[in-house]
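S.K.: Shown below is the structure under consideration.
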Amino acid sequence: MIPGAFEYHRPSDTASAVSLLQSHGDEARVIAGGHSLIPMMKLRMAAVEHLIDLQDCQDMKGISVDGDAVTIGAMTTQHDLIESKILADAAPILHEAALQIADPQVRYMGTVGGNVANGDPGNDMPGLMQCIGAVFTVLGPNGDREIAARDFYEAAYTTAREDDEILTQIRFTAPKGGYAYEKQKRKIGDYATAAAAVLLTKEGGTVASASIAMTNLSDIPVWSEAAAQALVGGACDADSVKAAVAAMLEDIDPSEDNRGPVEFKRHVAGIVLTRAIERAWSRA
Amino acid sequence: MSKQHIKFTVNGEEKDVLAEPRELLIHTLREQLNVTGPHIGCETSHCGACTVDIDGKSVKACTLFAIQANGTEITTVEGIGSPDDLHPLQKAFREHHGLQCGYCTPGMITRAYRLLQENPSPTEEEVRFGMAGNLCRCTGYQNIVKSILAAADEMNGVKEAAE
Ligand SMILES: Cc1cc2nc3c(=O)[nH]c(=O)nc-3n(C[C@H](O)[C@H](O)[C@H](O)COP(=O)(O)OP(=O)(O)OC[C@H]3O[C@@H](n4cnc5c(N)ncnc54)[C@H](O)[C@@H]3O)c2cc1C
Ligand code: FES
Ligand code: FES
């Protein structure tokens, strides 16, 4: 499994990477951790003439927390996310989710920017980012622009990012209340059969606010406002959880693959969402 | 595309190789440098038989172009110990029957080496979680876990004795 030939570039900062992208047009691709791209290149499902390696772009690495404003550089690895104490305090849902992505070797290389930019419906971070209301910054020839995670995904492998733009950072407000990322997979290192990200806040014994997103149950992540609305105002009892699951099932559109037929996926989706809501509520 | 010079150290020795950018590190190691400890199991980033240590990270060498490793320090199972001076992990795998066919072993030991650097006294569960990127078709994992826990004890004991 040898990929097609390409020319290799290793710019030392993000601005140079953008100008390389611009000068080579759609023949160029950036590589971050390479743990989605290289497998695709080996299968010759991605043809790349110019490969632009972002590993030296220090300006895209690191995590900062300022009050409740969290910023994560796109080149921060999943391993870095897991190791970060300040992130675990500010947004424990990211810590919980990152531990469920792939395996240790993949997490040392795979970056959070690559995970959200890739556009593979199986990636875990996109749904999570929609749940927490994150905003992505992309840098192109005309400078920076910001795109909400909830507006970023258009179809499998198609996002609002233009070919000559690089996703440089992810920003969000540290979530409050209870949280959970629940994922069902066939084995460690596998993509989700179904996964759910849930945030809940509680006031006087009832749900004050909720946000729910589902992974790998459509060709893009599904942020289900209806499922969240079914919980708000209620006591998060069995009936309101059932109503939330029913609302979520209206919003997803899974397809059959080697993880199972559609009915099985819908069943698993209901189970992971139920578990995620219960865990988030117990932490709210 | 033309070949390019790539420099890195492998098990402490400086190497300068010529490779096309599309050459995967596992092929450079095995075919150009005759470092055949890291194995090719699946070639699809799943089995971990090709695991090497790059600048303190466990990496699947089948999922990295050699040129991405330019300027790094690479350690393979050969660099962890030698036949006359086995590393505690290597000894423990032998003593506790941590291998049968041995195909997965270089990757197992190289990964376990980094795991114990980061967490010198892991619990059984932490070993299982930390070794989840390495597959073994023979042992059923029980003795691999046992070997790694025994090596950790041995390494901690050696350290205590020296103090
Ligand atoms: C065995 C295995 C199991 C896995 N399991 C999971 C899993 O359970 N869950 C999961 O979410 N993922 C999983 N992955 C994928 C892994 O998390 C990838 O690392 C991740 O999807 C992509 O991150 P990367 O840094 O490796 O990106 P790359 O592979 O380098 O890039 C992926 C794509 O994004 C583009 N890109 C990367 N960075 C940027 C950027 N900053 N700006 C613009 N475009 C960019 C690239 O051009 C490419 O098209 C698995 C991978 C493997 C090999
Ligand atoms: S050969 Fe690299 S992971 Fe299997
Ligand atoms: S000992 Fe045979 S694959 Fe592990």
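S.K.: Across segment A:137-154, in residue order, what do the Karplus-derived ³J(HN,Hα) couplings come to in whole Hz, using 6.51 cos²θ - 1.76 cosθ + 1.60 with θ = phi - 60° and x for Gly and Pro?
M.R.: 9, 10, 10, x, x, 9, x, 7, 9, 10, 10, 5, 3, 6, 10, 7, 9, 10
S.K.: Setting aside same-chain residues fewer than 8 positions from A:K176, which lysines have a Cα under 20 Å from its Cα?
M.R.: Straight-line reach from A:K176, under 20 Å: A:K85, A:K202.
S.K.: Going by alpha carbons, how many degrees (0 to 90, nearest 10) lie between the helix axis of A:238-251 and the longest principal axis of chain A?
M.R.: 40 degrees
S.K.: Additional query: Considering Cα pairs under 8 angstrom that are at least six residues apart, work out the relative contact order of segment A:1-130 and quote it in whole percent.
M.R.: This gives 24 percent for segment A:1-130.
S.K.: What trypsin sites (Lys or Arg not before Pro) does segment B:29-137 have in DSSP loop regions with at most 15 other beta carbons within 10 Å?
M.R.: When the trypsin sites (Lys or Arg not before Pro) of segment B:29-137 are filtered for loop state and at most 15 Cβ neighbours within 10 Å, B:R137 remain.
S.K.: Additional query: With a 10 Å radius around each residue's Cβ, average the other Cβ atoms per peptide and rank B:79-85, A:31-37, highest first. Walk me through the intermediate numbers first.
M.R.: Numbers: B:79-85: 12.4, A:31-37: 24.3.
Result, highest mean Cβ count within 10 Å first: A:31-37, B:79-85.
S.K.: Mind scanning A:K187/A:K265; A:K187/B:K91; B:K7/B:K91; A:K42/B:K146 and naming the pairs with a C-alpha gap bigger than 27 Å?
M.R.: Beyond 27 Å between Cα atoms: A:K187/B:K91; B:K7/B:K91; A:K42/B:K146.
S.K.: Run the paramagnetic zone check for B:D55: 7 angstrom along Cα to Cβ, then residues of segment A:72-98 with backbone nitrogen under 13 Å.
M.R.: Residues passing the 13 Å test: A:76-77.
S.K.: Sticking with this one: Once you keep just the Cα pairs under 8 angstrom separated by 6 or more residues, what percentage relative contact order results for chain A?
M.R.: 15 percent
S.K.: Provide the net charge surrounding A:S12, with neighbours chosen by a C-beta distance below 14 Å and charges set as Lys +1, Arg +1, Asp -1, Glu -1. Don't jump to the answer; show the numbers that get you there.
M.R.: Details: positive: A:R10, A:K61; negative: A:D13, A:D53, A:D56, A:D59.
In short, -2.
S.K.: What does the structure give for B:61-72 when I average, per residue, the other chain Cβ atoms found within 10 Å of the residue Cβ?
M.R.: That works out to 4 on average.
S.K.: Could you tally the net charge around A:L273, taking each other residue with its Cβ under 13 Å from the Cβ of A:L273, Lys/Arg +1 and Asp/Glu -1? Please report the intermediate quantities before stating the final value.
M.R.: Working: positive: A:K183, A:K242, A:K265, A:R266, A:R275, A:R279; negative: A:E182, A:E250, A:D251, A:E278.
Neighbourhood net charge equals +2.
S.K.: Could I ask something else about it? Taking all protein chains as present, what is the carbon and sulfur share of the accessible area of chain B, in % to the nearest whole number, probe 1.4 Å?
M.R.: 46 percent
S.K.: Report, in deg cm²/dmol and to the nearest 500, the calculated mean residue ellipticity at 222 nm for the protein assembly as shown, where each DSSP H run with n ≥ 4 adds -39500 (n - 2.57) and the sum is divided by the residue count.
M.R.: -10000 deg cm²/dmol, from helical runs alone.
S.K.: Per residue of B:53-60, count partner chain C-beta atoms within 10 Å of its C-beta, then hand back the mean as an integer.
M.R.: Shielding by partners across B:53-60 averages 4.
S.K.: Let me ask something else. In 10 Å bins starting at 0, how do the alpha-carbon pair distances of the protein assembly as shown split up by percent?
M.R.: 4, 20, 28, 26, 16, 5, 1
S.K.: Count, for each residue of A:253-260, the Cβ atoms from other chains sitting within 10 Å of its Cβ, then give me the mean as a whole number.
M.R.: The mean count of partner-chain Cβ atoms within 10 Å per residue comes to 0.
S.K.: Once amide H atoms are placed 1.01 Å from N in the peptide plane, what residues at a sequence separation of 5 or more from A:A148, or on another chain, have their amide H within under 5 Å of its amide H?
M.R.: Residues meeting the criterion, in which the H sits 1.01 Å from N, are A:F136.
S.K.: What is the percent carbon and sulfur in the accessible area of segment A:243-284, measuring with a 1.4 Å probe over the protein chains and ignoring ligands?
M.R.: Within segment A:243-284, the accessible surface is 48 percent carbon and sulfur.
S.K.: Counting protein heavy atoms only and a 1.4 angstrom probe, how many square angstrom of accessible surface do chains B and A bury in total, to the nearest 100?
M.R.: Using a 1.4 Å probe, the pair buries roughly 2700 Å².
S.K.: I would also like to ask the following. Roughly what would the spin-label model give for B:K91 and A:D190, points 7 Å off Cα along C-beta, in nm?
M.R.: In this crude label model, B:K91 to A:D190 measures out at 4.0 nm.
S.K.: Right, here's the next one. Each residue of segment B:118-129 in order: what ³J(HN,Hα) in whole Hz does its phi give by Karplus 6.51 cos²θ - 1.76 cosθ + 1.60, θ = phi - 60°, with x for Gly and Pro?
M.R.: With coefficients 6.51, -1.76 and 1.60, one gets 7, 9, x, 10, x, 7, 4, 5, 5, 5, 4, 5 Hz.
S.K.: Work out from phi, with θ = phi - 60° and the Karplus expression 6.51 cos²θ - 1.76 cosθ + 1.60, the ³J(HN,Hα) of each residue of segment B:37-47, listed in order in whole Hz, and give x for Gly and Pro.
M.R.: My calculation for segment B:37-47 gives x, x, 9, 9, x, 9, 6, 10, 6, 10, 8 Hz in order.
S.K.: Let me ask you something else. For a quick check: with amide H placed at 1.01 Å from N, whose amide H comes under 5 Å from B:L24's, ignoring anything fewer than 5 positions away on the same chain?
M.R.: B:A66
S.K.: Another question, if that's okay. Label segment A:7-53 by shape, choosing from rounded, prolate and oblate, from the square roots a ≥ b ≥ c of the eigenvalues of the Cα gyration tensor; if a/c is under 1.5 it is rounded, and otherwise prolate applies when a/b is larger than b/c, oblate when it is not.
M.R.: Because a/c hits 1.5 or more and a/b fails to exceed b/c, segment A:7-53 counts as oblate.
S.K.: Run the reach check for A:K242 against aspartates and glutamates, Cα to Cα strictly under 19 Å, same-chain hits fewer than 8 apart removed. What comes back?
M.R.: A:E182, A:E225, A:E250, A:D251, A:D253, A:E263, A:E278
S.K.: How many nm separate the modelled label positions at A:S282 and A:A88, each set 7 Å beyond the Cα in the direction of the Cβ?
M.R.: The modelled label-to-label distance comes out at 2.0 nm.
S.K.: Apply the a/c threshold of 1.5 to the C-alpha gyration tensor of segment A:54-144 and tell me whether it is rounded, prolate or oblate.
M.R.: Rounded, because the longest to shortest axis ratio a/c is under 1.5.
S.K.: Suppose we look only past 20 Å in the calculated P(r) of segment A:178-283. What percent of the Cα-Cα pairs does that tail hold?
M.R.: 32 percent
S.K.: If you count only protein heavy atoms with a 1.4 Å probe, what accessible area per residue comes out for segment A:7-53, rounded to a whole Å²?
M.R.: Accessible area per residue: 44 Å².
The values are calculated or read from the model by the stated rules, or taken from the named source; none is laboratory data. Computed from a predicted model, the values in this text were never measured in an experiment. Ideal geometry is used to build each Cβ from the backbone, glycine not excepted, and the neighbour counts take in all protein chains shown. Remember, those area values only see protein heavy atoms, side chains included, never the ligands or the DNA or RNA. Shrake-Rupley method; radii C 1.70, N 1.55, O 1.52, S 1.80 Å.
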